[in-house]
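> Input: one structure, supplied below.
The values are calculated or read from the model by the stated rules, or taken from the named source; none is laboratory data. None of the values given here were measured: they were computed from a predicted structure. So basically every Cβ, Gly included, is an ideal-geometry build from the backbone, and we count neighbours across all protein chains shown. For the accessible areas, the whole protein counts, side chains as well, though only heavy atoms, and no ligand, DNA or RNA atoms are used. Shrake-Rupley method; radii C 1.70, N 1.55, O 1.52, S 1.80 Å.
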Amino acid sequence: MGMSLVKLVVWVSWLAMAVGAEYVKYKDPKQPVAARIKDLMSKMTLAEKIGQMAQIDRSVATEQILRDYSVAFVSFTGSVLSGGGSEPLPEAKAEDWINMINAFQNGSLSSRLGIPMIYGIDAIHGHNNVYNATIFPHNVGLGATGDPELVKKIGAATALEVRATGIPYVFAPCIAVCRDPRWGRCYESYSEDHKVVEQMTDIILGLQGDPPTPRKGVPYVGGKGKVAACAKHFVGDGGTTGGLNENNTVIDMHGLLSMYMPAYSQSIIKGVSTVMVSYSSWNGQKMHANRELISGFLKNTLKFKGFVISDWQGIDRITSPPHANYTYSVQAAIQAGIDMVMVPYNLTEFVDDLTYLVDSKVILMDRIDDAVQRILQVKFTMGLFETPMADFSLVNELGSQ
């Protein structure tokens with residue numbers, strides 16, 4: 001009799017929890033991604049949406065910022081990155097990276113809606129900013145092999161090492177077409193021949209996995225041994241006059257489309273998740289403010305469905321000198337079609353300026369919603385909502401044979 005009573009109490013407790021636990025569609029992996037995005041978007045405040053559009057450096061990220069930022073803003077931020085070799089501690093082990101990233105993720109998950117942040121890092125020739133990682137030849141060397149299959153294998157090996165440190169997103173590959181050897185970043189270009197660069201976009205299939213049913217423009221990440229990739233820097237970064245870095249690429253539309261754009265088209269066909277905008281200009285117009293090419297060509301003509309990210313403080317450089325009129329820079333960049341801004345330090349200023357621009361109807365809610373839908377599309381597609389926390393199962397892959 002006593003045992004039956006215990007069972008009854010357990011059953012009643014379970015029933016009470018089941019009734020109390022409200023079903024949330026966006027948390028249900030059985031639902032289609034589009035339905036999950038729509039459900040989550042319907043619950044988000046403007047502050048939460050703008051939070052998703054911000055990416056901050058790990059040096060200024062804290063669990064507190066990611067959880068509640070201030071009384072008014074919650075669910076900050078959409079993304080955290082390691083800029084230029086930024087690491088948890090000198091000679092950090094894989095476990096140190098995982099512990100740091102999971103601490104940040106705990107902050108995101110304890111926010112009102114529990115939207116996971118996505119952590120990004122430069123892994124441009126192997127996991128190159130991490131101690132003990134395998135370093136592969138740079139793009140100029142890989143392009144010289146003329147072997148896309150080898151490059152794909154290197155992408156797969158890099159993805160495993162990046163995941164070994166708990167990171168799901170890399171700012172690679174660079175698909176610049178270097179047209180002037182005086183450009184100091186020529187080693188980041190696979191070739192001066194755009195056809196070679198197009199072939200080498202197979203590295204995306206190594207990093208992200210082969211999409212089972214290629215649907216042009218839709219991002220794809222094949223599980224926890226793969227990472228979201230980023231085709232960069234859109235567009236024409238290797239064609240600046242005199243090879244000057246971050247300078248002006250002078251070429252007509254036909255030239256741009258035949259020389260610098262084909263590798264982006266290939267990347268999108270292969271399911272690339274994100275595209276990073278270039279510091280450079282095209283015929284005098286800063287790429288970070290180029291609505292015609294970002295919203296018009298990349299999103300509408302090439303049908304890219306992932307998210308567009310700025311470069312490091314890239315929107316600051318829309319003005320000369322940089323940061324001279326930050327409110328204008330935010331306006332020009334977001335209206336051009338940039339979805340996520342690599343801030344990376346001054347989160348408050350970005351949030352305040354974008355909020356002001358939306359409240360004063362300078363930037364329409366439709367543009368904010370487009371950005372957030374794209375960011376969530378990548379997060380849902382890569383399974384970040386199901387497995388937001390990194391585990392230690394792949395730590396031995398770092399620097400493995």
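> Among what's in region 346-401 and is among the aromatic types (Phe, Trp, Tyr) and in contact (Cβ under 8 Å) with a residue 40 or more places away in the chain, pick the residue that is most open to solvent (accessible area, probe 1.4 Å). Quick ask: steps written out before the conclusion?
Pass one, region 346-401, residues among the aromatic types (Phe, Trp, Tyr): 350, 356, 380, 385, 392.
Add one more test, that the residue is in contact (Cβ under 8 Å) with a residue 40 or more places away in the chain, and what stays is 350, 380, 385, 392.
Working: PHE350: 0, PHE380: 8, PHE385: 35, PHE392: 99 Å².
The qualifying residue most open to solvent (accessible area, probe 1.4 Å) is PHE392.
> Of the residues GLU188, GLU192, GLU198, which single one is within 21 Å of VAL308 (Cβ to Cβ), open to solvent by 20 Å² or more (accessible area, probe 1.4 Å) and of a type in the set (Asp, Glu)?
When all the criteria are applied, what remains is GLU198.
> Moving to a separate point now. If you take the residues in region 270-284 that are touching a residue at least 60 places away in the same chain (Cβ under 8 Å) and in a strand (DSSP E or B), which one is surrounded by the most Cβ atoms within 10 Å (Cβ to Cβ)?
VAL277
> Search region 170-190 for residues that are under 26 Å from GLY271 (Cα atoms) and pair each with any residue that is part of a loop (DSSP other than H, G, I, E, B) and of a type in the set (Phe, Trp, Tyr) when their beta-carbon atoms are under 7 Å apart and the residues are at least 6 apart or on different chains.
VAL177/TYR260
> Another question, if that's okay. Out of the residues in region 143-161 that are over 21 Å from GLY225 (Cβ atoms) and in a helix (DSSP H, G or I), which is nearest to the chain's Cα centre (by Cα)?
GLY143
> Still on this structure, please answer the following. In region 248-269, which residues are assigned to a loop (DSSP other than H, G, I, E, B) and open to solvent by 30 Å² or more (accessible area, probe 1.4 Å)?
VAL250, ILE251, ASP252
> Taking ILE363 as the residue in question, decide whether it is among the aliphatic types (A, V, I, L, M) and either within 26 Å of SER86 (Cα to Cα) or under 20 Å from the mean Cα position of the chain (by Cα) (or both).
No.
> Do the conditions hold for ASP180, that is, is it over 30 Å from GLU48 (Cβ atoms), modelled with pLDDT of 95 or more and assigned to a loop (DSSP other than H, G, I, E, B)?
yes
> Sort out which residues of region 137-153 are of a type in the set (A, V, I, L, M, F, W, C) and crowded, with 20+ Cβ neighbours inside 10 Å, and write them in order of number.
LEU142, VAL151
> Give all pairs with beta carbons closer than 6 Å in which a residue from region 326-341 that is touching a residue at least 60 places away in the same chain (Cβ under 8 Å) meets a residue that is surrounded by 24 or more Cβ atoms within 10 Å (Cβ to Cβ) and of a type in the set (Asp, Glu); count only pairs at least 6 apart in sequence or on separate chains.
Listed by first residue and then by second, the contacts come to nothing, as the list is empty.
> Sort out which residues of region 103-142 are among the small types (Gly, Ala, Ser) and more than 18 Å from the chain's Cα centre (by Cα), and write them in order of number.
ALA103, GLY107, SER110, SER111, GLY114, ALA133, GLY141, listed by residue number.
> Can you tell me which residues in region 285-314 are surrounded by fewer than 20 Cβ atoms within 10 Å (Cβ to Cβ) and outside any helix (DSSP H, G or I)?
Residues satisfying the conditions are GLN285, LEU302, LYS303, LYS305, TRP312, GLN313.
> For the condition on the phi > 0 side of the Ramachandran plot, touching a Phe, Trp or Tyr at 6+ places or on another chain (Cβ under 9 Å) and modelled with pLDDT of 95 or more, what is the one hit in GLY271, GLY314?
When all the criteria are applied, what remains is GLY271.
> Would you mind stating whether PRO219 is within 22 Å of PRO168 (Cα to Cα) and surrounded by fewer than 16 Cβ atoms within 10 Å (Cβ to Cβ)?
No.
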